[in-house]
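Below is one structure; the comments refer to it alone.
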Amino acid sequence: MLNLKNKNIVVMGVTNKWSIAWACAKQLHEAGANIIFSYYGERSLRSLEKLAESENVTGILNVSCDVTADEDVEKAFNTIKEEVGIIHGIVHSVAFAKKDELAGKYVNTTRDGYSLAQDVSAYSLVSVSKYATPLMTEGGGIVTMSYLGGERVVQNYNVMGVAKAALEMSVRYLAHDLGEDNIRVNAISAGPIKTLSAKGVSDFDKLCAGYEDRAPLKRMVKVEEVGNTAVFLLSDLSTGITGEVMHVDCGFNILGY
Ligand code: NAD
């Protein structure tokens with residue numbers, strides 16, 4: 001059933017009302033889930049508190065979590081264990097790369113920039129899975145956010161594309177490891193959506209400009225559609241699906257031209 005009543009779901013990555021994680025939280029809340037927010041930085045916390053009040057989507061807990069520090073991830077999930085107990089799902093909607101490496105040629109990527117993008121955007125899923133799964137004693141689901149630039153070359157996406165490729169492969173390895181505990185791991189490969197992170201990609205508007213003409217559905221994807229897919233992947237309607245990268249992009253990924 002799609003009913004997520006009494007399910008405790010951790011949503012990571014709300015920074016403002018445009019965040020994909022916020023759309024996921026809203027749809028999950030509507031489906032009856034209890035939301036635990038993890039935020040990065042005081043600014044995100046303030047934004048989260050305002051949003052929760054104005055849109056009436058209050059989390060049962062807000063925890064700070066910098067995904068680049070294992071001790072922080074461990075602390076966050078220890079707090080969740082103490083305050084909430086069991087969890088049934090995670091939305092991992094977190095990524096970062098240096099702005100100047102999301103422009104120009106990939107060949108100019110620095111060693112530091114490469115490591116940073118991999119650390120925040122790909123390794124973090126491994127770390128989160130490690131510390132979160134002991135709380136998932138009734139099984140559940142983990143959903144992360146990817147993009148087509150992890151499969152194909154998308155101009156300017158560069159180092160983030162390589163991080164998404166690692167993220168998608170991690171989804172498969174994690175799905176393999178965690179399947180015996182009835183924990184499913186999937187990714188949503190979303191079409192372009194105007195968010196704070198997306199603005200960091202040089203000429204993001206140009207990338208969107210051709211989309212409506214070319215995508216089979218002749219439009220951009222709506223953030224709510226990504227949120228709905230996260231609900232589906234965390235619900236009992238998708239119990240046979242794991243290790244999957246599901247495109248939610250109005251069909252853009254099928255094009256060969
Ligand atoms: P966003 O800027 O709203 O979200 C990115 C989040 O990452 C922010 O909440 C930020 O606080 C968090 N973050 C960054 N560094 C962190 C750290 N060290 N510890 C913890 N959190 C950290 O942008 P978004 O577009 O909603 O991005 C969410 C996810 O969706 C990302 O993985 C992104 O790559 C992916 N995605 C975005 C698009 C798009 O077009 N916007 C398309 C496909 C996939």
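Quick notes
- Its Cα centre serving as origin, the chain has a Cβ charge dipole (Lys and Arg +1, Asp and Glu -1) of approximately 720 debye.
- Per-pair calculated FRET efficiency, R0 = 30 Å: Lys50 and Ala165 via Cβ, rounded to 0.05: 0.25
- For the range 115-122, the Karplus equation 6.51 cos²θ - 1.76 cosθ + 1.60, evaluated at θ = phi - 60°, returns couplings of 4, 4, 4, 5, 4, 6, 9, 10 Hz by residue, with Gly and Pro reported as x.
- Of all lysines in the structure, the ones whose alpha carbon falls short of 20 Å from that of Lys218, not counting any fewer than 8 places away in one chain, are Lys194, Lys206.
- With protein chains left intact and a 1.4 Å probe, residues in the range 57-179 average 46 Å² of accessible area per residue.
- Whole-Hz couplings from phi, Karplus 6.51/-1.76/1.60, listed for the range 8-24; x for Gly and Pro: 9, 10, 8, 10, 10, x, 7, 10, 6, 5, 8, 4, 4, 4, 5, 4, 4
- FRET efficiency for Glu212 and Glu42, using Cβ-Cβ distance with R0 set to 22 Å, rounded to 0.05: 0.05
- Considering only Gly227, His88, Ile36, the residue lying farthest towards the positive end of the dipole of the range 8-250 is Gly227, judged by Cα position with unit charges set on Cβ.
- Folded to 0 to 90 degrees: helix 70-83 orientation relative to the chain principal axis, Cα: 40 degrees
- Residues whose placed amide H lies under 5 Å from that of Thr144, excluding near-sequence neighbours: His92, Asn186, Ala187, Ile188
- Between helix 158-178 and the chain there is an angle of about 40 degrees, using the helix long axis and the longest principal axis of the Cα atoms.
- Sequence-distant residues sharing a close amide H with Asp249 (under 5 Å, placed H): Gly191
- Local electrostatic count, Glu42, Cβ distance below 14 Å [Lys/Arg +1, Asp/Glu -1]: +1
- C-alpha center-to-center spacing [the range 35-100, the range 173-246] in angstrom: 20 Å
- The heavy atoms of Tyr106 present about 90 square angstrom of accessible area, all protein chains included, probe 1.4 Å.
- With a cut-off of 15 Å between beta carbons, the residues surrounding Met246 carry a summed charge of -2, where Lys and Arg count +1 and Asp and Glu -1.
- Shown is the FRET efficiency for Asp66 and Glu138, computed with R0 = 30 Å from the Cβ-Cβ distance and rounded to the nearest 0.05: 0.60.
- Computed lengthening from Arg152 to Thr58, 0.36 nm per intervening residue step minus Cα-Cα distance: 30.0 nm
- By accessible area with a 1.4 Å probe, ligands and nucleic acids excluded, highest first: order of Glu42, Glu101: Glu42, Glu101
- Contact order relative to length of the range 1-159, as percent, for alpha carbon pairs under 8 angstrom and 6 or more apart: 24 percent
- Compared with the direct C-alpha span, the chain from Leu237 to Val126 gains 37.5 nm at full extension, assuming 0.36 nm per residue.
- Per atom type, the range 8-250 shows carbon and sulfur on 50% of its accessible surface, probed at 1.4 Å.
- Here the Kirkwood formula, the inverse mean of 1/r across different C-alpha pairs, assigns the range 8-250 a hydrodynamic radius of 17.9 Å.
- Projected label distance in nm at Tyr173 and Asn78, using a 7 Å step from Cα toward the beta-carbon: 2.6 nm
The values are calculated or read from the model by the stated rules, or taken from the named source; none is laboratory data. None of the values given here were measured: they were computed from a predicted structure. With ideal geometry, Cβ positions are generated from the backbone for all residues, glycine too; neighbour counts draw on all protein chains shown. In case anyone asks, the SASA skips ligands and DNA or RNA and just uses the protein heavy atoms, side chains included. Shrake-Rupley method; radii C 1.70, N 1.55, O 1.52, S 1.80 Å.
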